[in-house]
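Chemist: The structure under discussion is supplied below as structure tokens; questions concerning it will follow.
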Amino acid sequence: MRATAEAHPDREAFVDGDHRLTFGSWDRAADGLAATMAEAGVGRGDVVCLMLPSSADYAVCYQAAMRLGAITSGVNPRLGPGEVASIISRTRPKLTVVPPDREPPHGAGRTIRRDELHDACRRDPIRRRPRIDGSEAVAIVWTSGTTGEPKGAVFGHANLEAVAHGAGDLSRPGDRRLSPLPFAHVGYMTKPWDELLNVITTVIVPSPWKAGEALRLIEAEAVTVAQGVPTQWALMLADPRFDATDVSSLRVAGTGASTVPPELVKEMRRRLGCPVVVAYASTEAAITTRSRVGDADEVVSATVGGASEGVEIEVVDDDGHPTARGDVGRVRCRSAAVMRGYWGDPARTEQVLDADGWLTTGDLGRLDEAGNLLLAGRRSEMYIRGGYNVYPAEVEAVLDAHPGVDKVAVVGVPDPVLGQIGAAYVVPTAGPAGRQPDLDDLRAWCTQQLADYKAPDRLVLLTELPLTSMLKVDKQALAAGAATEPARPSSASSGPRSRPAGSS
């Protein structure tokens, strides 16, 4: 950080609305804030939680904690109270940075409000910094498990360095890169080495993300690398302002995080006039595979490319033996970028990460003759709504507690814009005390405890749920029935719908 700030002090590091933060100012602000954090008792190995949206302030806080040897835990602003409480209770942060209008959660430790950061960053720098070992933990990136409890993937400095070296076509010195996802996401939390090594300017799309604003920033900020999940790209290409937007600055466009329809890749390449890179990874892996600039159309549109630099991938059967080339199996990867383990959860770590460093991703896929990976779907029932993973068991547990719900099953169903949405199949409570629930009611109920994107978008009322011969809910039958229903229009945002998708 210091070397980059001294070599390029006036180069923009972040464009955050009207605020432009240079590398020199970023370094100086982090020094001042580190002094404030140290005064609050933050030191090596302590956790600092950031309950902030994507912003230059977030980046300053991350660097300030990093130079004290502390571990930064980002908390996505869209998480529900229960999810936030779970993260706070398990990390027991020494300090939490919170928005000015939000009360700190119980157990947050010392707090700094965002409107206090400006003065804190102007303090005299800390006099002595600890010497940091590359193997030390520096970040916790949270994901959800099938039980609904967030899991924290832990990364060290060496992991972040490996991510930078594996970025390939998506990073070049001096790039101006559009950042559309929450900074608490693995896509930002593992990128500091990459930002500094390549002196990259990060152009932040304000939250909530809107297609028109993303397009405006591409033109106004001469963005060279535009990123987005498939939903976001579909919305940008469909936006009436697209044809009037100058996208000639783009060097490459990146997408991934969920299944990318081949038609979308082809339309992106045609209308953007630049190469498209499709990448695949998980929170735990940080980087796994990606296509390359110059790959044939069929590689970019039908696969997620080959292993990224420094990454090994393989497809294995349920016993862990490699499958024959072309056969579907479980996708595994190994690299220096793979997480160190789950925070405070060695049992779950052992389930996905073996002693030889191989990470089992939970996805199914096959390798073609050229070594490109073709994904075949998820082993679990998880679905991806607009780039966000949603686990039905988590949503079902919340809906089951609703007084108007007797039985419930949630499945992911196709959606033309968001990729997938959640459909809740509900058997209402019987008797005079029962009140037939509606979609608005169930969505409001969910968002009291969960992130808003986890609330169901469709409600189907049934007299009984279909069962298998083993007396389990037959979700395949529900999903098959949903697939025969006509597609419903989606809202023009990757956030929650402005209107329900419909009920029957």
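The values are calculated or read from the model by the stated rules, or taken from the named source; none is laboratory data. Because the structure is a prediction, the values reported are computed rather than measured. FYI the Cβ positions are ideal-geometry reconstructions off the backbone, even for glycines, and counts take in every protein chain you see.
Chemist: Please enumerate the residues belonging to the stretch 231-251 that are assigned to a loop (DSSP other than H, G, I, E, B) and among the hydroxyl-bearing types (S, T, Y).
Modeler: Answer for the stretch 231-251, where residues must be assigned to a loop (DSSP other than H, G, I, E, B) and among the hydroxyl-bearing types (S, T, Y): T245, S248, S249.
Chemist: Which residues, counting only those in the stretch 215-230, are assigned to a helix (DSSP H, G or I) and either among the β-branched types (V, I, T) or touching a strand residue (DSSP E or B) at 6+ places or on another chain (Cβ under 7 Å) (or both)?
Modeler: L217, I218, P230
Chemist: Kindly indicate whether V163 is without any contact (Cβ under 8 Å) to a residue 40 or more places away in the chain and within 20 Å of the chain's Cα centre (by Cα).
Modeler: Judged against the criteria, V163 is not a match.
Chemist: So, one more: Looking at A238, A226, can you tell me which residue is surrounded by fewer than 23 Cβ atoms within 10 Å (Cβ to Cβ) and among the hydrophobic types (A, V, I, L, M, F, W, C)?
Modeler: Answer to the check: A238.
This table checks each residue for (1) closer than 30 Å to A244 by Cβ; (2) among the β-branched types (V, I, T); (3) more than 20 Å from the chain's Cα centre (by Cα).
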{"residue": "G273", "(1), (2), (3)": "yes, no, yes"}
{"residue": "D297", "(1), (2), (3)": "yes, no, yes"}
{"residue": "T323", "(1), (2), (3)": "no, yes, yes"}
{"residue": "A347", "(1), (2), (3)": "no, no, yes"}
{"residue": "E350", "(1), (2), (3)": "no, no, yes"}
{"residue": "A355", "(1), (2), (3)": "no, no, yes"}
{"residue": "W358", "(1), (2), (3)": "no, no, yes"}
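Chemist: While we're on this one: Being in contact (Cβ under 8 Å) with a residue 12 or more places away in the chain and either part of a loop (DSSP other than H, G, I, E, B) or not charged (D, E, K, R) (or both) is true for just one of G320, G254. Which residue is that?
Modeler: G254
Chemist: Considering only the stretch 323-358, state which residues are among the charged types (D, E, K, R), assigned to a strand (DSSP E or B) and modelled with pLDDT under 95.
Modeler: Matches in the stretch 323-358: R330 only.
Chemist: Still on this structure, I have one more. Restricting the stretch 343-369 to residues that are hydrophobic (A, V, I, L, M, F, W, C) and without any contact (Cβ under 8 Å) to a residue 24 or more places away in the chain, which is farthest from D319 (Cα to Cα)?
Modeler: This residue is A347.
Chemist: Looking at L471, L478, L450, can you tell me which residue is buried (at least 19 other Cβ atoms within 10 Å of the Cβ), out of contact with any helix residue (DSSP H, G or I) (no Cβ under 8 Å at 6 or more places or on another chain) and modelled with pLDDT under 95?
Modeler: Exactly one of L471, L478, L450 is buried (at least 19 other Cβ atoms within 10 Å of the Cβ), out of contact with any helix residue (DSSP H, G or I) (no Cβ under 8 Å at 6 or more places or on another chain) and modelled with pLDDT under 95, namely L478.
Chemist: Please go through the stretch 370-384 and give me each residue that is assigned to a strand (DSSP E or B) and either without any contact (Cβ under 8 Å) to a residue 24 or more places away in the chain or in contact with a Lys or Arg (Cβ under 8 Å, 6 or more places away or on another chain) (or both), ordered by number.
Modeler: The answer is L373, L374, A376, G377, R378.
Chemist: Right, next: Collect the residues in the stretch 165-194 that are among the polar types (S, T, N, Q) and within 22 Å of T22 (Cβ to Cβ), keeping them in residue-number order.
Modeler: Correct list: S171, S179.
Chemist: Moving on. Quick check, is V199 closer than 22 Å to I287 by Cβ, outside the structural domain of Q63 (by TED's automatic domain parsing) and under 20 Å from the mean Cα position of the chain (by Cα)?
Modeler: No, not satisfied.
Chemist: Can you work out which of the residues in the stretch 294-326 that are hydroxyl-bearing (S, T, Y) and closer than 16 Å to W358 by Cα is surrounded by the most Cβ atoms within 10 Å (Cβ to Cβ)?
Modeler: Here the residue is S308.
Chemist: Okay, next question. Do we find that L52 is under 18 Å from S179 (Cα atoms) and touching an Asp or Glu at 6+ places or on another chain (Cβ under 8 Å) in this structure?
Modeler: Judged against the criteria, L52 is not a match.
Chemist: Report, by residue number, each residue of the stretch 266-279 that is buried (at least 23 other Cβ atoms within 10 Å of the Cβ) and in a helix (DSSP H, G or I).
Modeler: Hit for the stretch 266-279 is M268, nothing else.
Chemist: Specify which of the listed residues (T91, T143) is among the polar types (S, T, N, Q), surrounded by 19 or more Cβ atoms within 10 Å (Cβ to Cβ) and either out of contact with any Ser or Thr (no Cβ under 9 Å at 6 or more places or on another chain) or not assigned by TED's automatic domain parsing to the domain that holds A397 (or both).
Modeler: Every option except T91 fails the conditions.
Chemist: List the residue pairs whose Cβ atoms are under 7 Å apart, where the first residue sits in the stretch 182-195 and is of a type in the set (D, E), the second is modelled with pLDDT of 95 or more, and the two are 6 or more positions apart or on different chains.
Modeler: From residues that are of a type in the set (D, E), the pairs are D194/V163; D194/A164; D194/S171; D194/I200; E195/T202.
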